[in-house]
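Q: Handing you this structure, nothing more for now.
The values are calculated or read from the model by the stated rules, or taken from the named source; none is laboratory data. None of the values given here were measured: they were computed from a predicted structure. Glycine gets a Cβ as well: all are built from the backbone with ideal geometry, and neighbour counts include every protein chain shown. Calculation scope for accessible area: heavy atoms of the full protein, side chains included, ligands and nucleic acids excluded. Shrake-Rupley method; radii C 1.70, N 1.55, O 1.52, S 1.80 Å.
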Amino acid sequence: MLNLDYHPTGRHFLQIPGPSPVPDRILRAMSLPTIDHRGPEFAELGKRVLSGIQQIFQTRHPVVIYPASGTGAWEAALTNVLSPGDQVLMYETGHFASLWIKMASRLGLNAQVVGLPGVEGWRRGVQASMIEEKLKADSGHAIKAVCVVHNETSTGVTSNIAAVRKAIDAAKHPALLLVDSISGLASAEYKHDDWGVDVTVSGSQKGLMLPPGISFNALSPKAIEASKSAKLPKAFWAWDEIIEMNKTGYFPYTPSTNLLYGLAEACDMLLDPTHGGLEATFARHQRWAEGVRGAVKAWGLEIQCADASVYSPVLTGVITPEGVDADAVRKIIYERFDCSLGTGLGKVKGRMFRIGHLGDCNDLTLMAALSGCEMGLKLAGVKLAGSGVQAAMDFFASHPAHVPMQKAA
Ligand code: PLP
């Protein structure tokens with residue numbers, strides 16, 4: 001039987017790229033008693049989280065919160081703005097992009113897949129020029145939406161969403177822009193309004209540092225307009241009733257009250273100006289990512305992302321040498337050092353593992369995870385070029401965080 005009550009040997013190192021470790025402050029907030037979701041106190045909470053999450057998405061427009069995992073919010077984004085048989089241009093950056101493509105087909109959409117071929121295509125971000133070309137060729141405007149993943153969690157590649165917006169504008173095409181930032185939001189820079197995104201999909205269990213269970217659609221006025229005539233079947237996911245009731249701080253169904261307590265706390269933490277707000281959050285993840293990449297390079301191993309301009313600040317994919325099963329390395333690290341790493345997914349299964357650097361994390365958490373990796377790689381018989389742990393220590397020691405980890409007493 002699973003017994004996580006008592007850990008005489010310290011905490012498990014949850015270094016997967018989501019769910020991420022939840023800070024104690026958030027766990028405490030979520031332990032408050034569940035309240036009446038139709039009572040006056042709830043309206044306060046509802047308004048607080050709806051305003052907080054708008055600031056995280058950097059939007060002035062409505063954000064819909066669902067009691068569902070990110071997959072539900074994916075479905076909500078598609079069904080609210082599209083009709084059966086609509087053409088959608090979907091860029092395949094990795095496993096999660098391919099799952100969204102599969103969902104679009106299952107919903108009866110006509111998914112046109114674009115992307116660089118083969119495994120190489122999973123090592124680079126969205127090539128906006130390919131999207132521009134496809135849209136320019138679509139003179140009849142049959143394509144109704146462009147779908148891209150901001151931070152591809154399966155590979156550790158972050159795409160340039162502003163460039164995709166530019167490509168759509170350069171083609172003078174009216175397609176909506178739908179973006180999955182499930183693992184990017186609140187870790188990697190994200191600007192829903194400034195980047196002209198119509199629907200951003202996100203989830204609770206990554207940069208927001210919450211357990212899994214709630215997810216989001218951030219909207220644009222154009223998306224809300226499109227939802228009025230979209231014909232794909234929807235009821236639970238329909239935005240209209242939710243947006244209407246949210247105006248008073250309530251939801252048309254029973255919301256996940258305790259996760260919303262956690263969300264209120266997460267927004268306070270992420271937006272706290274004494275800790276530098278969102279800018280400091282983004283800088284913190286960039287710095288951790290750089291330290292981890294330094295370790296991988298010192299080991300002499302290859303990083304899954306092959307384009308330095310789109311390295312993910314959220315996670316790093318590590319390719320194991322030919323003939324070394326990445327999952328066997330992960331198993332050793334899990335069993336010997338109580339540390340979970342992300343598995344290779346889809347096309348890259350067994351070829352790489354993923355180190356998450358998000359959630360309740362700091363330099364020393366990462367140093368511990370990296371030492372687990374280094375010991376595990378050696379135990380698996382991998383010949384390392386040098387010590388990644390030493391490289392990361394050197395990096396973190398010589399690059400202090402812009403905002404101190406702890407406020408001076
Ligand atoms: N999209 C991305 C980029 C993800 O990382 C994930 C989950 O890890 C999903 C979609 C699916 O979300 P969920 O597992 O919460 O349903």
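Q: Take the solvent-accessible surface of the protein heavy atoms, probe 1.4 Å, and return the percent of it on segment 24-271 that carbon and sulfur atoms account for.
A: Ligands and nucleic acids excluded, carbon and sulfur give 53 percent.
Q: Between segment 365-397 and segment 130-189, what is the separation of their alpha carbon centroids in Å?
A: About 36 Å separates the Cα centre of segment 365-397 from the one of segment 130-189.
Q: Net charge within 13 Å of Gln58 by Cβ-Cβ distance, Lys/Arg positive one each and Asp/Glu negative one each, not counting Gln58 itself?
A: Every neighbour counted, the sum reads -2.
Q: Right, another one. Could you state the accessible area per residue of segment 24-271 in Å², with a 1.4 Å probe and every protein chain left in place?
A: On a per-residue basis, segment 24-271 sits at 38 Å².
Q: Quick check: net charge around Met130, other residues with Cβ under 12 Å of its Cβ, Lys/Arg +1 and Asp/Glu -1?
A: Net charge around Met130: 0.
Q: What number comes out for the charge environment of Ala385, summing +1 per Lys or Arg and -1 per Asp or Glu over other residues with Cβ under 13 Å away?
A: Local charge sum for Ala385: +1.
Q: Considering the Cα positions of segment 24-271, please state its Rg to one decimal place and its Dmax as a whole number of Å.
A: 17.7, 56
Q: Calculate the spin-label point distance for Lys136 paired with Lys172, positioning each point 7 Å from the Cα along the beta-carbon direction, and give it in nanometres.
A: If labels sit at Lys172 and Lys136, their model points lie 1.3 nm apart.
Q: Okay, moving on. With both bridge residues required to lie in the chain, what share of the DSSP beta bridges run antiparallel, to the nearest 5%?
A: Counting only bridges with both partners in the chain, antiparallel ones make up about 50 percent.
Q: Here is a further query. For segment 158-187, which trypsin sites (Lys or Arg not before Pro) are both in a DSSP coil and crowded by at most 14 other Cβ atoms within 10 Å?
A: Answer in residue order: Lys172.
Q: Tell me, in nm to one decimal, what length is gained between Glu302 and Ser387 on full extension, where the rule is 0.36 nm per residue of separation less the Cα-Cα distance?
A: Extra length available between Glu302 and Ser387 comes to 29.1 nm.
Q: How many nm is it between the label spots at Met375 and Asp268, if each spot is 7 Å from the Cα in line with the beta carbon?
A: 3.7
Q: Among all the lysines, which ones have a C-alpha under 26 Å from Lys383's C-alpha, if same-chain residues fewer than 8 places away are not counted?
A: Once the sequence-local lysines are set aside, what remains near Lys383 is Lys297, Lys331, Lys347, Lys349.
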